[in-house]
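Shown next, in structure tokens, is the structure this report addresses.
The values are calculated or read from the model by the stated rules, or taken from the named source; none is laboratory data. Quick caveat: nothing in here was measured; it's all calculated off a predicted structure. Cβ placement follows ideal geometry from the backbone for every residue including glycine, while neighbour counts extend to all protein chains displayed. Surface areas here come from the heavy atoms of the whole protein model, side chains and all, with no ligands, DNA or RNA. Shrake-Rupley method; radii C 1.70, N 1.55, O 1.52, S 1.80 Å.
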Amino acid sequence: MRVRDANGHVIPAPFELVIRREGFAQRFGGLRYPVRTIALMPDGPYLDRRWWRFDLDDHARQDRRGWYFSWYGEQVSSPVRYLQHTDGRFGVSDSDRFIPVYPTMLHLIESHALLDACSDWEPHRGFPEGIDKAELIAELPPVPEASGP
């Protein structure tokens, strides 16, 4: 594999990038799952399902913290690329810039699981008059996350 470095020169892919791409392919390659979301529309709740695909793409670039590479991600028209950084972060790009979104790929997957689990909840149009929102929120039990805070 040949890639462009930070100066735009085409070079053989560095070992760090090759290892991280291979690790991604072994751990996540072929993984596909739907994420359900619910939205409140004027005529009632709307359940949407979008598929995620964890297969490598052929884009890779260097930044000041290392390298990042692309993978397919959510199967929708999107103005961004889905990226995995060699330091473990998941992010996106709006051109050739890495924008971090989650500390790890597992954080992304966990957020999908939580979003999908909440899609069974019936959304509402805000709080009725006279309800103390702070009191309601204080009564909610803490939910431990598998990947940490």
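Points worth noting:
- Tilt relative to the chain, helix 15-28 - C-alpha long axis, 0 to 90 degrees, to 10: 40 degrees
- Contact order, relative form, for the stretch 77-124: 23 percent (alpha carbon pairs under 8 Å, 6 or more residues apart, mean separation divided by residue count).
- Alpha-carbon centroid distance for the pair the stretch 1-34 / the stretch 52-100, whole angstrom: 10 Å
- Only Lys, Arg (+1) and Asp, Glu (-1) charged, at Cβ; the chain dipole about Cα centre in debye: 820 debye
- Rounded to whole numbers, the Karplus 3J(HN,Hα) couplings from phi for the stretch 90-98 are 9, x, 9, 10, 9, 6, 10, 10, 7 Hz, using 6.51 cos²θ - 1.76 cosθ + 1.60 with θ = phi - 60°, and x at Gly and Pro.
- Using a probe of 1.4 Å on the protein chains alone, the accessible area found for M1 is around 100 Å².
- Heavy-atom accessible surface of I131, to the nearest 10 Å², is about 80 Å², with a 1.4 Å probe and all protein chains retained.
- When the alpha carbon coordinates of the chain are projected onto the principal axes, the ranges are 64, 31, 27 Å, largest first.
- A 1.4 Å probe over all protein chains sorts V3, V143 by accessible area into V143, V3, starting with the largest.
- With every protein chain in place, the chain: carbon and sulfur % of accessible area (1.4 Å): 55 percent
- Stretch gain in nm, segment E16-V143, where the contour uses 0.36 nm per residue and the Cα spacing is subtracted: 42.1 nm
- FRET efficiency for the E122 to V80 pair, using the beta carbon distance and R₀ = 30 Å, is estimated at 0.45.
- Accessible surface computed residue by residue for the chain, with neighbouring protein chains in place and a 1.4 Å probe, gives 68 Å² per residue.
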